[in-house]
Structures are given as C-alpha cells and as structure tokens.
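Trainee: Can you keep this structure in mind? I'll have questions shortly.
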Amino acid sequence: MAEKSDFGYFERKLRKRRIEVLREITDLEPKVLENPLKSGEESTPFPTHMADIADVENRLDRDSYLMNRYTRELKDIDAALWKIVEKTYGICEDCGAQIRKARLKVIPSTRYCKSCAEKKEKYNWIEESL
Ligand SMILES: [Zn+2]
C-alpha cells in the first residue's frame, strides 16, 4: 500500500505523466477537430475515392480513440493528484481497499485495486498491460 511518505514520489510521477498526456492531447486535438470528412464541401482536397475516405476514417478513428484515452487518463491523473491533497491517495474507489504499491508504481493514476479494475471493462485500455 502507499504510505503517506510515498505521496511525494507519486505526486512527482503523476505530474510528469500529466505533462506527457497534455502534450499528446495538444498534438491530437487539431487532427480530431479538423475532420476533413465533416468540413465544408468547398474544402479541398476532398477525398473522392472510397479508398481515400476509408483511409481518412481509419486515421480519424485511431486519433479519436487516442484522444479519448488521453482525456480519460488526464481526468484520472487530476483525480489522483487531488486525492494526494486529501490524503486519500491509493485507496480503491470501489471497495475502499488499499491499492498495492507495485500497482500504483505502474499506473499511478489508477482509481481501483486490481480486482475491481478487472471487473471494469471500460478501464481495460489502461489496465491491459498488468
Ligand atoms: Zn477495489
């Protein structure tokens, strides 16, 4: 479990990751927002072949997916930083158990202990490496 004396360590880790995630979001945002398939008809070049459209769609799917992923991680990081302030960091939001320190080291922004995370399919994207 995370001792209060470890909070500084995790806070530094979270702040570092937060900068990386923000950088990714800043990179992805224009790509996701400037959707060439949805922008006005006058915009050129407009993909006219089905293959081109599929290409653009695939790229947008991937960018949107990554964007969602990073946006969610950013929220988790902010929540975790707030929990450090409130001295509740490292406690599973679901069952209230202490999250193992080894797990927090790998995913400092996790909200759940391993068993609760496994039950939450929507978090699979971040938990899949454990
Ligand atoms: Zn739990």
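Trainee: So, in the stretch 75-84, of the ones that are charged (D, E, K, R) and under 16 Å from the mean Cα position of the chain (by Cα), which residue ends up farthest from the ligand (Cβ to nearest atom)?
Mentor: Among those that are charged (D, E, K, R) and under 16 Å from the mean Cα position of the chain (by Cα), it is 78.
Trainee: Still on this model: Do you know which of the residues in the stretch 85-115 that are in a helix (DSSP H, G or I) and either without any contact (Cβ under 8 Å) to a residue 40 or more places away in the chain or surrounded by fewer than 20 Cβ atoms within 10 Å (Cβ to Cβ) (or both) is nearest to the ligand (Cβ to nearest atom)?
Mentor: Applying the filter and picking the extreme gives 115.
Trainee: In the list 127, 118, which residue meets the criterion of being of a type in the set (D, E, K, R), buried (at least 17 other Cβ atoms within 10 Å of the Cβ), at pLDDT below 90 and within 16 Å of the ligand (Cβ to nearest atom)?
Mentor: 127
Trainee: If you scan the stretch 52-84, which residues turn out to be in contact (Cβ under 8 Å) with a residue 60 or more places away in the chain and out of contact with any Phe, Trp or Tyr (no Cβ under 7 Å at 6 or more places or on another chain)?
Mentor: 77, 78, 81
Trainee: Looking only at the stretch 8-32, which residues are surrounded by 11 or more Cβ atoms within 10 Å (Cβ to Cβ), more than 19 Å from residue 75 (Cβ to Cβ) and at pLDDT below 95?
Mentor: If the condition is that a residue be surrounded by 11 or more Cβ atoms within 10 Å (Cβ to Cβ), more than 19 Å from residue 75 (Cβ to Cβ) and at pLDDT below 95, then 31 is the only one that fits.
The values are calculated or read from the model by the stated rules, or taken from the named source; none is laboratory data. Since we're looking at a predicted model, the values are computed, not measured. Cβ coordinates were reconstructed from backbone atoms using ideal geometry, including for glycine residues, and neighbour counts include every protein chain displayed.
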